Amino acid sequence: MNPALAAARTGVSRGRIEFKQTMTTPGDVIAITILMGGFIAAMIWTRHTHVPGTHFSLGTTMLVSVLGLNIVVYGVITMGDLLVAEREDGTLLRAKAIPNGMLGYLLGKVVNVSGQIAFALAITLLTGAFLFTGLAIGSPGSWLTLAWVLVLGLLATLPLGAVLGSLFPSQRSAGGPMLLLLAGLAAISGIFYPITHLPVVLQWIGQVFPLYWLGLGMRSALLPNAMAVVEVGHSWRHLATFAVLSAWAVAGLALAPGDERQG
Amino acid sequence: MNYVLDVRDLRMRYGRTDVLRGVSFTARRGEVLTLLGPNGAGKTTTIEILEGFRMRSAGGVSVLGTDPAHGGEAWRARTGVVLQSWRDHAKWRVHELLAHLGRYYLPYRRPWDVDDLLETVGLTEHAHKRVRNLSGGQRRRLDVAIGIVGRPELLFLDEPTAGFDPEARRDFHDVVHRLTDRDETTILLTTHDLDEAERLADRILILAGGTIIADGSADELSRAMSGQSEVRWSRDGQRFVHPADDATAFVRELFRQYGGSIEDLEVRRASLEDTYMALVRQAEHGGPPRLTAVAA
């Protein structure tokens, strides 16, 4: 068999093993639960508040936007964090010492983190289906949109996370600053509140990053069409979503750590 | 002659510091080379350049016929690497990890059977433990197992037995002998343990001040360095110690003079440790000529 293809398969099985390890390591499960619990608490808190100018639940809107936020949290921060930690502990060097090991390593990471994203999305959606009203989850169109936004989201975030992970010098400096940065970004990306209520400058800054578009894409998939009225241009802007997320994916893949052995 | 390792005038400079200033040596298939030298002598730098993890400043390096700076995946599959300290894959289970890493070699050759490998390095009873729950010595055995799982033609071992108890050390030496005898694996290892170097190495290279100051078998090095031996004996209940340039002549003379009253006779050639210390001390106080014992 072609060695690269064989390594790709080995990488996928590596991802499955890593994902299983994550889900059976108490510390990891607690971290995931706290993060998810925090978001869900915030949604429940704002369940009966209305999105300004509508009679729609802010909590439901937030729940859907948080699906997009989850993709960025795991795809960029968890991915970056893992790479920093595993560069420190020698896992990356080990991968470099093995034929096609880097390919297998990175693919394994992608599969593992994608699994965590799928898990977080599923739990959030399940919570939403039981506790919230107004979700448009009945039509196949909703799921189709969710699917392409998710796939594009993974492509836009995972390579970016790998790039950031390879830039940070040591473990201590990675997770904290990245999480703070993301919290700031979330505030101007329409995750917790419609972006149209912010100053125009902030709206523009927010729309540079994938987070805004992932939230928008998720809202377009799972909220009633009428809710587009609170978005920029009163539209779901699918074409722009596709374009911006694709641009981030291309940039991330171009810069992603390849097979460079000498460090 | 095709060498597995062929290093010529290798130089490495970090900023303004010359770490390696012209290192040259070769290794044939199946040879065990030990790289000795004080801390900071450039042992790890040398080994990392040969492994392809570090770019050299100058010089010619051929590893398995390829420049390691441009070694591809097929070349990588022929080498095995055990670096100084690993903390990786803490969540993995021992058997699971070896099976996984072995799979990368499948397109190139059949890797070790995991159970056989665990048996060989003495980890059978820990096969299903998580890596983070292994003791220091067990962890090191796992590192060695990972280094050889792909049946490398050339194995790099950077201080493989650091933290081993005497039993683990002996087990490790058995593994090395097995690899070289049966599979003709070429091995380059660094160690601080002179006894280990003497036991394992076909050839010892002493690296000091950025160059190789000695190259030969342990025996050759001792001979070439100092012909002096130490002769100990007792006579009439009294103990004597005397250094001798020609131990045989000295002992013959001893018996001629005192005959049957000589007891507890002991002749000790300068140990590798004595030789090593003398060589390194010389190198640090102004460069001596390179000492090369010509192999038979």
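Average 1/r across all pairs of distinct alpha carbons in chain B, invert it, and you get the Kirkwood radius: 21.1 Å. Distance from the alpha carbon centroid of segment A:234-249 to that of segment B:68-90 works out to 42 angstrom.
In chain B, the calculated helix contribution to ellipticity at 222 nm averages -10000 deg cm²/dmol per residue, counting -39,500 (n - 2.57) for every DSSP H run with n ≥ 4.
Taken over segment A:46-166, the ratio of Cα radius of gyration to 2.2 N^0.38 Å equals 1.31.
Which residue, A:MET1, A:THR61, A:THR127, has the largest displacement toward the positive end of the dipole of chain A when charges sit on each Cβ (Lys, Arg +1; Asp, Glu -1)? Of the options given, the answer is A:MET1. Using the Cβ-Cβ distance between A:LEU5 and B:ARG268 with R0 set to 56 Å, the FRET efficiency from 1/(1 + (r/R0)^6) comes to roughly 0.40. Per-residue mean of foreign Cβ neighbours for B:98-104 is 6 (Cβ atoms of other chains, 10 Å radius). Approximating the spin labels as points 7 Å out from Cα along Cα→Cβ, the A:ILE137-to-B:HIS285 distance works out to 8.2 nm.
Spin-label model, B:ASP165 to A:VAL29: label points 7 Å out along the Cα-to-beta-carbon direction sit 3.5 nm apart.
Distance distribution note for segment A:32-77: the fraction of Cα pairs above 16 angstrom is 40%.
Filter the cross-link list A:LYS20/B:LYS43; A:LYS96/B:LYS129; B:LYS43/B:LYS129 down to pairs whose alpha-carbon distance in this structure exceeds 30 Å. Among A:LYS20/B:LYS43; A:LYS96/B:LYS129; B:LYS43/B:LYS129, the Cα-Cα distance tops 30 Å for A:LYS20/B:LYS43; B:LYS43/B:LYS129.
A DSSP coil position with no more than 16 other Cβ atoms inside 10 Å describes the following GluC sites (Glu not before Pro) in segment B:169-221: B:GLU184. Annotation: peptides B:242-251, A:70-79, ranked by per-residue average of other Cβ atoms within 10 Å with the highest first, follow the order A:70-79, B:242-251.
Value of Rg to Rh for segment B:32-82, rounded to two decimals, is 0.97; Kirkwood radius and Rg both from alpha-carbon coordinates.
Enumerate the residues in segment A:63-94 having an amide nitrogen under 20 Å from the point lying 7 Å beyond the Cα of A:ALA251 toward its Cβ. Answer for this model: A:68-81.
Remark: mean inter-chain Cβ contacts per residue of B:85-94 equal 5, using a 10 Å Cβ-Cβ cutoff to other protein chain atoms.
For a quick check, take a GNM of chain A with Cα springs below 10 Å and name the residue from A:GLN203, A:GLN21, A:GLN116 with the largest mean-square fluctuation. Residue with maximal mean-square fluctuation among A:GLN203, A:GLN21, A:GLN116: A:GLN21. Put a dot 7 Å past the Cα of A:HIS197, heading toward its Cβ, do the same for B:GLN84, and the two dots end up 5.7 nm apart. Take each residue in A:17-28, count the other chain C-beta atoms within 10 Å of its C-beta, and the mean is 2. Counting only Cα atoms, the size of segment B:157-268 along its three principal axes is 53, 34, 27 Å, in decreasing order. The equivalent ellipsoid that matches the C-alpha gyration tensor of segment A:3-255 spans semi-axes of 32, 19, 17 angstrom, in descending order.
The alpha-carbon atoms of segment B:79-151 define a convex hull whose volume equals 75 cubic angstrom per residue.
Couplings 3J(HN,Hα) for segment B:124-134, derived from phi with the Karplus relation 6.51 cos²θ - 1.76 cosθ + 1.60 (θ = phi - 60°), are 3, 6, 10, 3, 10, 6, 6, 4, 5, 8, 7 Hz, where x marks Gly and Pro.
When the Cα atoms of segment B:1-85 are aligned to their principal axes, the ranges along those axes come out at 35, 31, 25 Å in descending order. Across the protein assembly as shown, the fraction of Cα-Cα pairs farther apart than 34 Å, rounded to a whole number, is 53%. Evaluated over the Cα positions of segment B:227-269, the convex hull gives a direction-averaged projected area, one quarter of its surface, of 2.6 nm².
Volume per residue of the convex hull around the Cα atoms, evaluated for segment B:92-231, comes out as 141 Å³. How far, in nm, would the chain grow between B:HIS128 and B:ARG8 when pulled straight, counting 0.36 nm per residue and subtracting the alpha carbon separation? Answer, rounded to one decimal: 38.7 nm.
All of the numbers you see were taken from the coordinates with simple rules; none came from a lab. Note that this is a predicted model, so its numbers are computed, not measured. Quick reminder, even Gly has a Cβ in these numbers, built from the backbone with ideal geometry, and neighbours come from all protein chains shown.
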